[in-house]
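Trainee: After the structure tokens below, expect a handful of questions from me.
Coordinate-derived values only; no laboratory data. This structure is a prediction, so every number in the text was calculated from the model and none was measured. Using ideal geometry, Cβ is built from the backbone for each residue, glycine included, and neighbour counts are taken over all protein chains shown.
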Amino acid sequence: MSPAIGATLNRVDGRYKVRGESRYSAEVPVPNLAHAVVVNAKVASGRITSIDTSEAERATGVLAVLTHRNLGRVANVPRLLPSLAGLAAPGQTFFPMQDETVHYGGQPVAIVVADTIERADHAGTLIRFEYETTPATTLLDQARDRAYVPERIFGGLLPGQGSRGDVAKALAEAEVCVDATYRFAPNHHNPIEMSASTAIWDDVDRLTIYDSTQGPNAVQLTVAELLGLPPISIRVVSHAVGGSFGSKAMVWHHPTLAALAARHVGRPVRLVLTREQMFTSCGHREEQEQRITVGARADGRITALRHHKISLTSPFDDWAEPSLQSAAVAYLNPNYEGVYHLVRGNTITPTFMRAPGEATGMFALECAMDELAERVGIDPLELRMRNYSDTDPESGKPWSSSGLRECLQRAAELFGWHDRDPRPGSRREGQWLIGTGLASALYPVTQPVNPQRAKARIYNDGTAVVEAGVSEFGTGVFTAMTQVAADALGLPVERVRFVGGSSNLPNITAAVGSAGTSAVGSAVHVTACELRDQLIRRAVGDDHSPLHGADPARVEVRDGKMVLADHPDVGETYSDLLHRTMTPDVEVLGTWNPPPQDAGYGIHTFGAQMAEVAVDAELGVVRVRRMVGVFAPGRVLNRKLAHSQLMGGMLWGLGQALMEATRMDPRLGRWANASLADYLVPVNADAPDVVVDTVEMRDDVVNPIGIKGVGEIGVVGAAAAIANAVHHATGRRCYELPITLEKLL
Amino acid sequence: MRPISYSRVSDVGTAIGTVAADPHSAFLAGGTNQVDLLRIYVEQPRRLVDINDLPLKQVEELPGGGLRLGGLARMSDVAEHPTVRRRYPMVTESLLLGASPQLRHMASVAGNLMQRVRCTYFRDTEAPCNKRAPGTGCSAMEGVNRGHAVLGTSECCIATHPSDLGVALMALDAVVQTEGPAGQRSIPIDDFYLLPGRTPEREHPLTHGELVTGIDLPPLPVAARSRYIKIRDRESYEFALVAVAVAMSVAGGRIAEIRLALGGVATKPWRARAAERELDGAPATPESFTRAAEAEMAGATPHGMNAFKIELGKRTIVRALTEMAEREGSA
């Protein structure tokens, strides 16, 4: 019986948000607060030869001007490791303002601290820098000849290449071959809330940082290592975060810079990145190109897949988003080769961005699949069915659960796929060419590597508080955790409160890679179950309890009352038990130990995307009319939240397909459209009719609550479905994202 | 933001006097563009004179059938004004297709005409830009210039004028009313916007302290049959790649009257006079429309990423004329 899980519960923080009462990291009231503004390098490569801070120092309200000369050295820059690992997780292994070298445009070169943010910002413009510049690489095309194959990518988590079978031979023997190269513009996250840190030193070894982050513990550990302090010296609090999409998944420089600035001026310091700085301070989805070669038999069955990616990374780190992961296992194919090629450029280290890797890798695969379907003359849906694999093609192990076929079938029903005339350009309504397209969606399920913890306490009035150090960055995790805890404890959700958002709470890994809810959810579930069981054990062991002597396994809890499963009239409430035994509360610290990643199953999330577009035949304007997404994310904790997450992901995919592109000016080494007026994301008027549905596949392998996550899978395949629909409408294949109208003129 | 002094005035004379007396001062109306530019140090006045209390918000009938839009009338109020809607639908459409509802509630129509270009290099104080820092060069010429102009450009500047309203006003031959230290003037809209030439920093003929007090729409029956179409990368809240303002009447299958202006493609709101010459008296047919579009874009100069605007411009002109002709035919 799961009365709360799966329900459409409104967000527990909803009313605070709509009333403007949620406290974001730049809004926490702090007495005697000073404001720091970061000044960024305007060149992409070179050396600072002189800095004149005198005018800035004299400006009204200025408390300090910090540069590499007086900031002080950081103790140790931790190694690059995705924050999912639960350890320190710097966004890059470079820390700025340690010497005079400039590695990328937008690199922090000074900090001004003043009594108001406007005065700090103005004083920043008064600092005079002189640079000796060196040639910069900011575009892939400038340095393809310097590409290399890294040993490992993605913070060391994944190998730089992989293969199985004999791909060259299989391709040579293939009856049909699709060979296509796809280009992707760089993308930026653009959450509504810019990253912000408020740093307060209560003593030389006692620091509190209010930070907008996906992982308070990751910030604590990273800043501790950078400052050379033990973790016990640092508390990181994150009450509310206004979106992230990966920009706050790793720990970038601003919390540490705020702490250093606060220590320097002896006052609490707030540092808020500007919108423009969000384009150079917390990573991005890198510029990249992917070449896919699919070999198949005449009946469409895939015999080989070669998938190469080349992308730009920083001077410091071998970062590539893992674009080859899901494409390698999406379909049955015995011969495979995947290789990452990297080019070092003058950029910050790229980072996670929503559906990291799969947003681009599955775009390439699913567009190539569409081309293959056309080539062999079978329906794109049938092609996917024909190539379905009921085991992980890489390991040969069974899927813990799949659902791909069910999702494709359900999407086809909801969309009306089966009436489709496959001929491109076959449907016209006035000036509009109408087309439809589909794509499969896959996203890997990554298990946290370290134990996940939570704490649960029940009071003698029968209310419970459950705590874990996860932050709420818009996903609704606090709401979902309230539901998980309520069900495990057998309490109505109104009597349970979930508290998160602080590194002082039991340790939870950063909520990244769609693993946030499963990590904290499993910990909460395990902990709340343990608390429930402890109370049941007390009851059955208590002479005065109606449950005395009962088998604990045959006691269950309904609405706060422990009862015999067979005789629900026999029992007592938690509250009765605790009052009678004069106990104020009972508390449990619980731990969920995640299974190893390779536990005898292939673990992936699956889904299907369909889109209908209208393309203006003369003007090239593309409008998405309808989208249908059906996903198998395991168990759905909260239907409403899951729907919002998946729909948001699909619209994210729409943006990726049609609008999102950061443009580099290689002469200046800077982004040329670092603002929300120039970097386009979809607005409400662009949003089509979106239908979201889920196919619930039971999964007992992945974690105790059977969930795979909904944060990323909604994005995957959406752009490919749109691009395939554009082809169906116009007969044109677009090999470059975004598909702006000039590509269709 | 640099230190700035601010005052609020309630009569036109004081407003003009205060600004005229200080060369480092500027009027502040809706502020939707100006405050943005202050924050990024592109505009650096030391004094702002807030004119929002001036009695310039009315939309009034003029003797002879025209309409005067007060300089401080908000975009949203003008767009929704019943007379504007009825007599000048292209004005309403151009306003409603611009910005967002929030911005339209704040922004004045005079401010809309005075808004600065969206060129990324104009807004980046570290980049060479002849408009912001005369003589430093034009970064857009060889840069990220997908949104830039193909008409009215010079070797000094290719920034597109961003106003939608200005395009409709150009088609209508509106007249800008000003008042300054030297008295009142009426400036035809075509003269109000200057081509960049060798002085891209000069965008209009106003003297320091001269205030746009109103915009006169002339009596123009054909304007009741007009429209504004805007092609852009997203459905709302985005500047035009190409926009067309058109007013047309057809008699006996021939074009009796035509007014055509373009946005998104030129350094000023662009009256398509070459196209108008082709169309005047011509049969209202696709051939005439294509010929007119070709004639207008013949003088266009591409600069790399924006080359597509020439073809897109032609097709959008043809689209606008075709739809007007169909409407005329069915009327």
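Trainee: Measuring from label point to label point, each 7 Å out along Cα→Cβ, what is the A:Ala180 to A:Thr60 span in nm?
Mentor: For A:Ala180 paired with A:Thr60, the spin-label model returns 6.0 nm.
Trainee: Another one. Lysines near B:Lys57 by alpha-carbon distance under 21 Å, same-chain residues fewer than 8 away left out - which ones?
Mentor: The reachable lysines, counting only those whose Cα sits under 21 Å from B:Lys57, number zero.
Trainee: Hey, another quick one. In µm²/s, what is D for the protein assembly as shown at 4 °C and 1.567 mPa s, where D = kT/(6 pi eta Rh) by Stokes-Einstein and Rh is the Kirkwood radius from Cα pairs?
Mentor: Working: Rh = 31.6 Å.
So the translational diffusion coefficient is about 41 µm²/s.
Trainee: Quick check on my link table: of B:Lys230/B:Lys314; B:Lys131/B:Lys230; B:Lys131/B:Lys314, which ones sit more than 18 Å apart, alpha carbon to alpha carbon?
Mentor: As for pairs spanning more than 18 Å Cα to Cα, those are B:Lys131/B:Lys230; B:Lys131/B:Lys314.
Trainee: Taking the Cα centre of chain B as origin and charging only Cβ (+1 Lys, Arg; -1 Asp, Glu), how large is the dipole, in debye to the nearest 20?
Mentor: It comes to approximately 360 debye.
Trainee: Taking a ≥ b ≥ c as the square roots of the eigenvalues of the Cα gyration tensor of region B:1-123, is the shape rounded (a/c under 1.5), prolate (a/b larger than b/c) or oblate?
Mentor: Oblate.
Trainee: A further question follows. Please report the spacing between the Cα centers of region A:365-384 and region B:129-173 in Å, no decimals.
Mentor: One Cα centre to the other: 45 Å.
Trainee: Determine the relative contact order of region B:262-331: mean sequence separation of Cα pairs under 8 Å and six or more apart, normalised by residue count, in whole percent.
Mentor: This gives 28 percent for region B:262-331.
Trainee: Per residue, how big is the convex hull of chain B when only Cα atoms are used? Give it in Å³.
Mentor: So the per-residue hull volume is 128 Å³.
Trainee: Calculate one ³J(HN,Hα) per residue across region B:39-49 by plugging θ = phi - 60° into the Karplus curve 6.51 cos²θ - 1.76 cosθ + 1.60, and present them in order as whole Hz with x for glycine and proline.
Mentor: 3J(HN,Hα) across region B:39-49, in whole Hz: 5, 9, 6, 7, 10, 10, x, 9, 9, 10, 10.
Trainee: What is the local net charge at B:Trp270, summed over the other residues whose Cβ is closer than 15 Å to its Cβ (Lys, Arg +1; Asp, Glu -1)?
Mentor: Numbers: positive: B:Lys230, B:Arg259, B:Lys268, B:Arg271, B:Arg273, B:Arg277, B:Lys309, B:Lys314; negative: B:Asp164, B:Asp173, B:Asp190, B:Asp191, B:Glu203, B:Glu276, B:Glu296.
Around B:Trp270, the charge tally is +1.
Trainee: Measuring from centroid to centroid over Cα atoms, what is the spacing of region A:539-579 and region A:10-51 in Å?
Mentor: A separation of 51 Å, based on Cα centres.
Trainee: Taking square-rooted eigenvalues a ≥ b ≥ c of the alpha carbon gyration tensor, is region A:448-592 rounded, prolate or oblate, where a/c under 1.5 means rounded and, failing that, a/b exceeding b/c means prolate?
Mentor: prolate
Trainee: With a 10 Å radius around each residue's Cβ, average the other Cβ atoms per peptide and rank A:680-688, B:316-324, B:106-114, highest first.
Mentor: Working: A:680-688: 16.8, B:316-324: 22.2, B:106-114: 24.3.
Per-residue Cβ counts within 10 Å, averaged per peptide and sorted highest first, yield B:106-114, B:316-324, A:680-688.
Trainee: Output the relative contact order of chain A, whole-number percent, from Cα pairs under 8 angstrom with separation of 6+ residues.
Mentor: On the way: 1993 pairs, mean separation 125.5, N = 745.
So the answer I get is 17 percent.
Trainee: Here's something else I'd like to know. Which three extents, in whole angstrom, do the alpha-carbon atoms of region B:221-330 cover along their principal axes, largest first?
Mentor: 43, 29, 21
Trainee: In whole Hz, what ³J(HN,Hα) sequence does region A:392-398 give by Karplus (6.51, -1.76, 1.60; θ = phi - 60°), x for Gly and Pro?
Mentor: Working through the residues one at a time gives 5, x, 7, 9, x, 7, x Hz.
Trainee: With runs of 4+ DSSP H residues as the only contributors, calculate the mean residue ellipticity of chain A at 222 nm using -39,500 (n - 2.57) per run, divided by the residue total and rounded to the nearest 500. Mind dumping the intermediate values first?
Mentor: Working: 14 runs with 165 residues, N = 745.
For chain A, the value works out to -7000 deg cm²/dmol.
Trainee: Right, another one. With +1 assigned to the C-beta of every Lys and Arg and -1 to the C-beta of every Asp and Glu, and no other charges, what is the dipole magnitude of chain A about the Cα centre in debye, to the nearest 20?
Mentor: 620
Trainee: Give me A:Arg285, B:Arg68 sorted ascending by neighbouring Cβ count inside 10 Å, so fewest comes first.
Mentor: Working: A:Arg285 29, B:Arg68 19.
Final ranking by Cβ density, sparse to dense: B:Arg68, A:Arg285.
Trainee: Taking K and R as +1 and D and E as -1, what net charge do the other residues with C-beta under 15 Å from the C-beta of A:Leu81 add up to? Can you show the working numbers first?
Mentor: Values: positive: A:Arg79, A:Arg152; negative: A:Glu225, A:Asp317, A:Asp318.
For residues surrounding A:Leu81, the net value is -1.
Trainee: Beta carbons within 10 angstrom, averaged per residue: use that to sort the peptides B:8-16, A:635-643, highest first.
Mentor: Packing order, densest peptide first, comes out as A:635-643, B:8-16.
Trainee: At a threshold of 8 angstrom on Cα-Cα distance, excluding pairs fewer than six apart, so keeping six or more, what relative contact order does region A:578-634 reach in percent?
Mentor: Relative contact order of region A:578-634: 29 percent.
Trainee: Translational diffusion coefficient, Stokes-Einstein: compute it for region A:91-219 using the Kirkwood radius over C-alpha pairs as Rh, at 25 °C and 0.890 mPa s, and state it as an integer in µm² s⁻¹.
Mentor: Diffusion coefficient, whole number: 116 µm²/s.
Trainee: Other chains near A:712-720: what is the mean number of their Cβ atoms within 10 Å of each residue's Cβ?
Mentor: Taking the mean over all residues of the peptide, I get 0.
Trainee: A further question follows. Helices from chain A with mean Kyte-Doolittle at least -1.0 and a Cα length along the axis of 24 Å or more, per DSSP H: which?
Mentor: Answer set is A:358-376, A:516-540, A:639-658.
Trainee: Could you rank the peptides B:193-200, A:419-426, A:110-117, B:131-138 by their average count of other C-beta atoms within 10 Å per residue, with the highest value first?
Mentor: The densest-packed peptide leads the list: A:110-117, B:193-200, B:131-138, A:419-426.
Trainee: Would you calculate, for chain B, the mean residue ellipticity at 222 nm contributed by helices, counting each DSSP H stretch of 4 or more residues as -39,500 (n - 2.57) and dividing by all residues, to the nearest 500?
Mentor: -8500 deg cm²/dmol
Trainee: Could you give the length gained by full extension between A:Ser575 and A:Arg19, i.e. 0.36 nm per residue of separation minus their alpha carbon distance, to one decimal place?
Mentor: Full extension from A:Ser575 to A:Arg19 adds 196.7 nm.
Trainee: If R0 is 25 Å, what FRET efficiency do you get for A:Asp559 and A:Val499 from their C-beta distance, rounded to 0.05?
Mentor: 0.65
Trainee: Other chains' Cβ within 10 Å of A:666-674 residues: what's the mean?
Mentor: Mean partner shielding for this stretch: 5.
Trainee: With only Lys, Arg, Asp and Glu charged, each at its Cβ (+1 for the first two, -1 for the last two), find how big the charge dipole of region A:448-592 is about the Cα centre; round to the nearest 20 debye.
Mentor: Using only the charged Cβ atoms, the result is roughly 400 debye.
Trainee: Using a Cα-Cα cut-off of under 17 Å, which aspartates and glutamates could be cross-linked to A:Lys561, ignoring same-chain neighbours fewer than 8 residues away?
Mentor: Cα-Cα hits under 17 Å: A:Asp461, A:Asp487, A:Glu494, A:Glu530, A:Asp533, A:Asp542, A:Asp551, A:Asp569, A:Glu572, A:Asp576, A:Asp585.
Trainee: Report the net charge of residues surrounding A:His307, where surrounding means a beta-carbon distance below 10 angstrom and charges are Lys +1, Arg +1, Asp -1, Glu -1.
Mentor: Spelling it out: positives minus negatives among the neighbours equals +2.
Trainee: For A:118-126, what's the mean count of beta carbons from other chains sitting within 10 Å of each residue's beta carbon?
Mentor: Per residue, the average neighbour count from other chains is 3.
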